1. Does residue 402 satisfy the condition of being assigned by the TED database to the domain that holds residue 299, loosely packed, with under 12 Cβ neighbours inside 10 Å and under 30 Å from residue 261 (Cα atoms)?
2. Regarding residue 169, is this residue surrounded by 11 or more Cβ atoms within 10 Å (Cβ to Cβ), under 27 Å from the mean Cα position of the chain (by Cα) and closer than 28 Å to residue 93 by Cβ?
3. Scan the range 348-359 and give yes if some residue there is over 31 Å from the mean Cα position of the chain (by Cα) and in contact (Cβ under 8 Å) with a residue 60 or more places away in the chain, otherwise no.
4. Can you tell me which residue among 137, 180 is on the phi < 0 side of the Ramachandran plot and under 25 Å from the mean Cα position of the chain (by Cα)?
5. Tally the residues that are free of Cβ contacts under 8 Å to residues at least 12 places away in the same chain, part of a loop (DSSP other than H, G, I, E, B) and under 26 Å from residue 241 (Cβ atoms), restricting the search to the range 133-191.
């Protein structure tokens, strides 16, 4: 009781700080007093009938717009309860760690769950529905039914219970106050007195109606209208409450099944370490936070080196250059928020199979891929071939859990587009008027349709700009660069999700299983030997 009183005092103190408490008291208290006083006067001077009629009229007038809108909505279409409440809200959210393919699996699993509920929404059927949803997800991953270990199965039950509890607490009102004993008591009373109680309630209601018909017929009419409206609304809300709870449970089963069959339950968060590609970039360097890995891709002379020099703010020879493979240069820098960034400058595309293979390997292990394209270079065969190989990699079934990195396109050298003699930025690319601006927009559109970037922006780079100490009066140096930096900053949070996904994939359980099994065998043998010696000593 003391804790409740303390909580109430905290709420009142919080309201008082902002002046809200005074406003509530000044507005609510007079209303309550006037209502009670008016009810007393109506009873004393015989105005109860007039009061009932007035309340009935006001209630009907207030409900007419609501009922009309509902009628029009039902007239247009009559969705099932599951479809209706699925459109209203989505209680279970997709994980940010999932890949694009896994999000598609998740969407199909939810559709199947909703379809099962629309055909049979009984509580007793949820067990079968849950198994169907889990089997559907297993088939999507190319696995058989119940193809998981015992610890994974136990973690599955634990996760479903934990997530479902959070969903119920967040979305179902007053669920914490409902005791299991109360639910059990209600079912017991229903089984024991259900029919008799309903019969008794009907007779009591008939008696009440007969009494009101004789004593106060106006109140009887008012009560009948109100009860009819409230009964319909209560039934609708009760149905919605049940559908939401059932739907949330099946969606949680689908969500946890995705994590289960993708192997995310095989290892715990404590087993996740830096990914393999990060170790390859810098074997000796130990950092508390794995840097965001930005891979720079493009054909030769597309402006990759100039972009890297501008991005890190100094000449490449003076930067902290990390030991890497041949044809790849890695720089370590940081963004404006002092977060570490790892810039991986790849060899220019030359059409060779070895270069494409090495480039693809770096791209699929990136958090962000910055793709440089020269605006006045018409040939895009090398870029298109690499993009197709990149897309095919994520279509393969074995890579279903791989989250795609952000693809950020940059069209460089837009100052060389026709007319080449004109260059007077800024240009309005949203509503282009001048021919130069129209050609820049056309170049952006062409490359976007060809390579399907998450975003593509124009930029003008100058190879003469070496470091911050070298000044330049050429306005071309700065065109589009600040916008590119700002847009990249906005993708850093998503890049961390891509990195987390890669870390999970690289933390394979097979790397530690043999060692863990050896430790368990040693502990079991040691305990067995110790127990055997203890029994011998006590004989």
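The values are calculated or read from the model by the stated rules, or taken from the named source; none is laboratory data. Computed from a predicted model, the values in this text were never measured in an experiment. Cβ placement follows ideal geometry from the backbone for every residue including glycine, while neighbour counts extend to all protein chains displayed.
1. On the way: assigned by the TED database to the domain that holds residue 299: yes; loosely packed, with under 12 Cβ neighbours inside 10 Å: no; under 30 Å from residue 261 (Cα atoms): yes.
No; evaluated as a whole, the condition is false for this residue.
2. Numbers: surrounded by 11 or more Cβ atoms within 10 Å (Cβ to Cβ): no; under 27 Å from the mean Cα position of the chain (by Cα): yes; closer than 28 Å to residue 93 by Cβ: yes.
Answer is no for this residue.
3. Applying the first criterion (over 31 Å from the mean Cα position of the chain (by Cα)) to the range 348-359 yields 348-358.
Next, from what is left, pick out any that are in contact (Cβ under 8 Å) with a residue 60 or more places away in the chain: none.
No, because not a single residue in the range 348-359 is over 31 Å from the mean Cα position of the chain (by Cα) and in contact (Cβ under 8 Å) with a residue 60 or more places away in the chain.
4. Working: 180 fails: under 25 Å from the mean Cα position of the chain (by Cα).
Exactly one residue qualifies, and that residue is 137.
5. 4
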